[in-house]
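**Student:** To start, I am sharing the structure in question, which I have written as structure tokens.
The values are calculated or read from the model by the stated rules, or taken from the named source; none is laboratory data. This structure is a prediction, so every number in the text was calculated from the model and none was measured. For the accessible areas, the whole protein counts, side chains as well, though only heavy atoms, and no ligand, DNA or RNA atoms are used. Shrake-Rupley method; radii C 1.70, N 1.55, O 1.52, S 1.80 Å.
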Amino acid sequence: METEKVVPEAEELPKTIVRRVVKDKLHDCSPDTDISVHKDALLAFCESARIFIHYLSATANDICKESKRQTINAEDVLKAIEAIDFNEFVDPLRDSLDEFRQKNAGKRAGTSKSKEEKKKLKVEGEASKKSCGKTEKDKKNEE
């Protein structure tokens, strides 16, 4: 009798996202055909991706520990991809990561400007509140 391995729900990948990724890739490979993915095949893709993520994260963690750090960064992941012999993916992933960083750099710059403006308005608001609470006598004494 075969025992079924139960994966904690927190470790499961969303099946809808995995299905979409698989179908998009299959469509790219053969755009003329509409290929369907059987339920068992979808589960196999999900489980394979989960195992790959575990293996990649463990390898990246080892690289991180070798560098005497506790936080895995993107460079650790790229080195781990090389270490597990997926070298052909490093350059496209690096390009994708650079593109992502450039897009987010603009967003972060806009966010920090917005925060600075809010802080300035808050300081100005507090200053005006302080001056509003003063009597004419207090204002003359300050001069």
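**Student:** Any idea of Phe52's accessible area? Nearest 10 Å², probe 1.4 Å.
**Tutor:** About 80 Å², ignoring ligands and nucleic acids.
**Student:** What percentage of the solvent-accessible surface of the stretch 1-109, computed with a 1.4 Å probe over protein heavy atoms, is contributed by carbon and sulfur atoms?
**Tutor:** It is 55 percent, rounded to a whole number.
**Student:** So how exposed is Arg94, as accessible area in Å² (1.4 Å probe, rounded to 10)?
**Tutor:** Counting only protein heavy atoms, the figure is 80 Å².
**Student:** Round to a whole angstrom and tell me the spacing of the C-alpha centers of the stretch 74-105 and the stretch 41-73.
**Tutor:** 14 Å
**Student:** In the stretch 26-103, what is the volume of the convex hull around the alpha carbon atoms, normalised per residue and reported in Å³?
**Tutor:** Once divided by residue count, the hull of the stretch 26-103 is 134 Å³.
**Student:** State in Å² the accessible area per residue of the stretch 51-112; use a 1.4 Å probe, count heavy atoms of protein chains only, and round to the nearest integer.
**Tutor:** Per-residue value: 74 Å².
**Student:** Please work out how much accessible surface Lys15 shows to a 1.4 Å probe, ignoring ligands, DNA and RNA, in Å² rounded to 10.
**Tutor:** 80 Å²
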